[in-house]
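The values are calculated or read from the model by the stated rules, or taken from the named source; none is laboratory data. The model shown is predicted, which means the values in this text are computed figures rather than measured ones. When we count neighbours, we look across all protein chains shown, and the Cβ atoms used for this are built from the backbone with ideal geometry, even at glycine. Please note that ligands, DNA and RNA were not included when accessible areas were found on the heavy atoms of the full protein model with its side chains. Shrake-Rupley method; radii C 1.70, N 1.55, O 1.52, S 1.80 Å.
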Amino acid sequence: MGERIQGSRRDTEYHLGLDTTMVNPVIKQIREGTIPKLRILNMESYVVQMAQCRIMGVSEEWIKKVAKANPARHQLFTVRKVDCAPVVGPADGQQLREGDIILTLNDQLITRVSDFDIMYDQESLDALVVRKGKEVRLRIPTVPTEDLETSRVVVFCGAVLQKPHHAVRQQISKLHSDIYVSARSRGSPAYQYGLAPTNFITHVNGVKTPDLDAFVREVSKISDNTYFRLRAMTFDNVPWVVTMKKNDHYFPMSEYVKDTSKPATWKIVSHRRSSDGAPVTAEGMDEEGADDGGEEVPENHSSLIPIHRCRL
């Protein structure tokens, strides 16, 4: 449904369709019992017409090839935005850059959106692009779509922390860490001391924490009702420091980890400790408060619960 036309009481409706040839390869894998593991180019692109391509340095030879390959639409694609590379891992110097005009991928001329379908099962692609008026050959790595989903969340002092999801990596030029604040609870220490969503946590008490593992390791060393420092970076690259007080009684640290063995299931890991040193789970908290003689929880206890209609 689209917008309402001025002066009319009726809404405009648009009926759109998707060519089945785009989804048939994936449907075929699903029918064969295989879970597709697709890969994509980590970039956004838009169409440029031949007049603009000439100005940007595309040769007449390539313009003739485009006219022959796609008589209906004489067009190529230029890179509008390249997603951020991950914080942890080697940087690849063969990445696309904003403003590149893509001529070929694996020696196939790219003039239609459907031509990009060759990326879904390739770990890397040989690309020929026009960059600053010159033709450049690149070896471009693709990104597994599994890395774009959220599979682990840490809740600490009321703040929801996770690895930056795809939408974040599309909108920022540099990732400062893999600890992204995506939400916070009202009344929590995170809310009280101003640790707001869209911030990146980079250090805990002066110790660098590039990922969630390092963060959990460092904050686990902090005693309850103790002040500590977090060094953070805002979404628009402004560094700042926040001093917070840990509160394990009302806001204990916990983790939600996606369980790949069961669909739509997450594993809950609690880091709160009871009086005997064992971690307190969501199931055991009421029992502990009512009767200290409850059943002992194993050291590495975790519980599995299904979460329905939950998007992180």
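Out of everything in segment 221-239 that is open to solvent by 70 Å² or more (accessible area, probe 1.4 Å) and part of a strand (DSSP E or B), what residue ends up being nearest to R169 (Cα to Cα)?
P239
(1) at pLDDT 90 or above; (2) in contact with an Asp or Glu (Cβ under 6 Å, 6 or more places away or on another chain): which one isn't true of M119, the others all being true?
Checking M119 against (1) at pLDDT 90 or above; (2) in contact with an Asp or Glu (Cβ under 6 Å, 6 or more places away or on another chain), the one that fails is (2).
Among (1) over 23 Å from S270 (Cβ atoms); (2) out of contact with any Ser or Thr (no Cβ under 9 Å at 6 or more places or on another chain), which single condition is T226 missing?
Looking at each condition in turn, T226 falls short on (1).
Quick one: what pairs do we get from segment 54-81, first residue under 20 Å from Q95 (Cα atoms), second of a type in the set (K, R) and open to solvent by less than 40 Å² (accessible area, probe 1.4 Å), C-beta under 6 Å, 6+ apart or different chains?
none
If you scan segment 183-215, which residues turn out to be outside any loop (DSSP other than H, G, I, E, B) and open to solvent by less than 40 Å² (accessible area, probe 1.4 Å)?
Residues satisfying the conditions are A183, P189, A190, F200, I201, T202, H203, V204, L212, A214, F215.
Condition check: part of a helix (DSSP H, G or I), surrounded by fewer than 20 Cβ atoms within 10 Å (Cβ to Cβ) and more than 18 Å from the chain's Cα centre (by Cα). Does E218 satisfy that?
Judged against the criteria, E218 is a match.
For segment 71-80, which residues satisfy the criterion of being touching a strand residue (DSSP E or B) at 6+ places or on another chain (Cβ under 6 Å) and open to solvent by less than 90 Å² (accessible area, probe 1.4 Å)?
Residues satisfying the conditions are Q75, L76, F77, T78, V79.
Yes/no matrix, rows are residues, columns are (1) in contact with a Pro (Cβ under 6 Å, 6 or more places away or on another chain); (2) at pLDDT 90 or above:
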| residue | (1), (2) |
| --- | --- |
| S185 | no, yes |
| N205 | no, yes |
| F215 | no, yes |
| S223 | no, yes |
| K246 | no, yes |
| T265 | yes, no |
| S274 | no, no |
| A278 | no, no |
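Within segment 240-250, count every residue that is farther than 17 Å from P197 by Cβ and surrounded by 11 or more Cβ atoms within 10 Å (Cβ to Cβ).
5
From (1) over 25 Å from the mean Cα position of the chain (by Cα); (2) open to solvent by 80 Å² or more (accessible area, probe 1.4 Å); (3) touching a residue at least 12 places away in the same chain (Cβ under 8 Å); (4) closer than 27 Å to V130 by Cβ, pick out the condition that doesn't hold for D19.
It fails just one condition, (4).
Given (1) assigned to a strand (DSSP E or B); (2) within 30 Å of K37 (Cβ to Cβ), identify the lone condition not met by M244.
Exception for M244: condition (2).
Take segment 45-54 and flag every residue that is open to solvent by 50 Å² or more (accessible area, probe 1.4 Å) and either under 35 Å from the mean Cα position of the chain (by Cα) or closer than 14 Å to T104 by Cα (or both).
Within segment 45-54, Y46, V47, Q49, Q52 meet the criteria.
This table checks each residue for (1) modelled with pLDDT under 85; (2) open to solvent by 60 Å² or more (accessible area, probe 1.4 Å); (3) charged (D, E, K, R); (4) closer than 19 Å to R112 by Cβ.
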{"position": "I5", "(1), (2), (3), (4)": "yes, yes, no, no"}
{"position": "Y14", "(1), (2), (3), (4)": "yes, yes, no, no"}
{"position": "N24", "(1), (2), (3), (4)": "no, yes, no, yes"}
{"position": "E32", "(1), (2), (3), (4)": "no, yes, yes, no"}
{"position": "R39", "(1), (2), (3), (4)": "no, no, yes, no"}
{"position": "M43", "(1), (2), (3), (4)": "no, no, no, yes"}
{"position": "V58", "(1), (2), (3), (4)": "no, no, no, yes"}
{"position": "W62", "(1), (2), (3), (4)": "no, no, no, yes"}
{"position": "A69", "(1), (2), (3), (4)": "no, no, no, yes"}
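Here is a list of conditions, (1) in contact (Cβ under 8 Å) with a residue 40 or more places away in the chain; (2) open to solvent by less than 20 Å² (accessible area, probe 1.4 Å); (3) farther than 29 Å from S270 by Cβ, and V143 meets all of them except one; can you say which number that is?
(2)
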